[in-house]
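The values are calculated or read from the model by the stated rules, or taken from the named source; none is laboratory data. Note that the coordinates shown come from a computational prediction; the quantities given were computed from them, not determined experimentally. So basically every Cβ, Gly included, is an ideal-geometry build from the backbone, and we count neighbours across all protein chains shown.
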Amino acid sequence: IQTEALARIEAANDARAIEDARVAILGKQGSLTKVSAGMRDVPKEDKALVGQLLNAARQAITSALDSKKTALQDAQDAEALKGIDPTLPGRSVHHGSLHPLTHIRHEAISILRRMGFALADGPEIEDEFHCFDALNTPEDHPARNEKDTFYFDSGKLLRTHTSSVQVRTMEGQAPPVRIIAPGSAYRRDEIDATHLSVFNQLEGLYVDTDVSLGDLKGTLEYFLHELFGPETEVRFRPHFFPFTEPSFEIDVKLHAKGQAPKWIEVAGCGMVDPAVFDQINGSRKDEAFSPDQVTGFAFGMGLDRLAMIRWGIRDIRLLIENDSRFLRQFG
Ligand code: PHE
């Protein structure tokens, strides 16, 4: 029986045949099982010897079954690996990463929130009142020109700056007001390395009973040092905006590798012009923003510019092209 069994196992060449052989030999009706059942009839004095022989046969058969199984599996594995070099390193998975703009927006928001500013927002499709009139911008101001602003037939427009959110916030909320509003702005600019027709701003507004120019300067200097590091040089350059007086543009000194350091404009800011408070009161039909009682400062930063400075990005268009070779660097 043992010889026959071993021969059958040897001949089996797939998992099915091995299993059949096991059942035929060791199964309930298997050849060895039947012989073992005959132990009953073996004379007492021979039982020990016959038992030993049966055990030996069972062991030989079991181990033959095992090694045949292993051999078959190995052969199958080898077949599956043909033409594959299992010693090559695995392919690394590229995990997605935040877009640089998202990254800088999160950082800016988190710094300003620590300073007590709350998030606000407003519509991107605006009317002339919220984008211009309430912000003391005269009818004939160049920014209102059809050459510079996207107008709809309805007379509505795509907001040219996030400053419209200042107006909407003050219409809905009495002082003190301390808000920031990140969002898109639209201008009919010629697109080049530093201009896009859709860009990203972060507006800020602080109105209370004693807000001073010193508060404005301190707040924005602190913000820029938190964002770019304490060594960052910041300069306030006098400028003009219809809705602030005095007004400034803020420059940050950019030290890019292999380039002479240069000043880059990152924001406009100033003390809220009392004429804006008058407009707001007219719109609210109350005197909550009485120019005798409140003062305020406002700022509008270019988020795209902040990202360019932070990472030394030379061309603003890289921010919207979604080239994975560019985006991957921010992982
Ligand atoms: N709205 C101005 C711009 O887009 C920036 C600004 C905001 C200036 C708030 C002063 C106060 O250029």
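May I ask you to verify whether residue 35 is more than 30 Å from residue 178 (Cα to Cα) and modelled with pLDDT of 90 or more?
No; evaluated as a whole, the condition is false for this residue.
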So, restricting to strands (runs of 3 or more DSSP E) that lie completely within the range 178-264, which ones have at least 3 residues that are closer than 15 Å to residue 302 by Cα and within 16 Å of the ligand (Cβ to nearest atom)? 198-208, 244-254
Could you please give the count of residues in the range 180-238 that are surrounded by fewer than 19 Cβ atoms within 10 Å (Cβ to Cβ), of a type in the set (Ser, Thr, Tyr) and within 24 Å of the chain's Cα centre (by Cα)? 3
Quick one: which residue in 97, 31 is under 30 Å from residue 323 (Cβ atoms), touching a helix residue (DSSP H, G or I) at 6+ places or on another chain (Cβ under 9 Å) and in contact (Cβ under 8 Å) with a residue 24 or more places away in the chain? 97
Would the range 143-161 turn up any residue that is at pLDDT below 95, assigned to a helix (DSSP H, G or I) and in contact with a Lys or Arg (Cβ under 9 Å, 6 or more places away or on another chain)? yes
Among residues of the range 91-113 being of a type in the set (Gly, Ala, Ser) and modelled with pLDDT of 85 or more, the residue surrounded by the most Cβ atoms within 10 Å (Cβ to Cβ) is 108
How do the pairs read when you match residues in the range 204-226 that are more than 19 Å from residue 169 (Cβ to Cβ) and among the hydroxyl-bearing types (Ser, Thr, Tyr) with residues anywhere that are assigned to a strand (DSSP E or B) and modelled with pLDDT of 95 or more, using Cβ under 8 Å and keeping only pairs 6 or more apart or on different chains? 212/295
Among (1) within 16 Å of the ligand (Cβ to nearest atom); (2) surrounded by 22 or more Cβ atoms within 10 Å (Cβ to Cβ) - the single one residue 307 does not satisfy: (1)
Restricting attention to the range 162-177, which residues are away from the ligand (no atom under 12 Å from the Cβ) and either without any contact (Cβ under 8 Å) to a residue 60 or more places away in the chain or closer than 23 Å to residue 219 by Cβ (or both)? 168, 169, 170, 172, 173, 174, 175, 176, 177
Identify, from the list 326, 330, the residue that is over 30 Å from residue 173 (Cβ atoms), surrounded by 13 or more Cβ atoms within 10 Å (Cβ to Cβ), in contact with a Pro (Cβ under 6 Å, 6 or more places away or on another chain) and of a type in the set (Phe, Trp, Tyr). 330
How many residues, within the range 36-75, are among the basic types (Lys, Arg) and in contact (Cβ under 8 Å) with a residue 40 or more places away in the chain? 2
Where the second residue is of a type in the set (Phe, Trp, Tyr) and at pLDDT 95 or above and the first is assigned to a strand (DSSP E or B) and surrounded by fewer than 21 Cβ atoms within 10 Å (Cβ to Cβ) and lies in the range 266-277, which pairs have Cβ atoms under 9 Å and are six or more apart or on separate chains? 271/297
Verdict on residue 174 being surrounded by 22 or more Cβ atoms within 10 Å (Cβ to Cβ) and of a type in the set (Gly, Ala, Ser): no
Which condition does residue 291 not pass, out of (1) away from the ligand (no atom under 16 Å from the Cβ); (2) assigned to a strand (DSSP E or B), if it passes all the others? (2)
Confirm whether residue 72 is closer than 26 Å to residue 186 by Cβ and among the hydrophobic types (A, V, I, L, M, F, W, C). no
Search the range 278-301 for residues that are closer than 19 Å to residue 247 by Cα and pair each with any residue that is among the polar types (S, T, N, Q) and assigned to a strand (DSSP E or B) when their beta-carbon atoms are under 8 Å apart and the residues are at least 6 apart or on different chains. 297/244; 298/244; 300/201; 301/201
Please work out which residue is surrounded by the most Cβ atoms within 10 Å (Cβ to Cβ), limiting yourself to the range 12-36 and to residues that are closer than 14 Å to residue 61 by Cα and under 60 Å from the mean Cα position of the chain (by Cα). 21
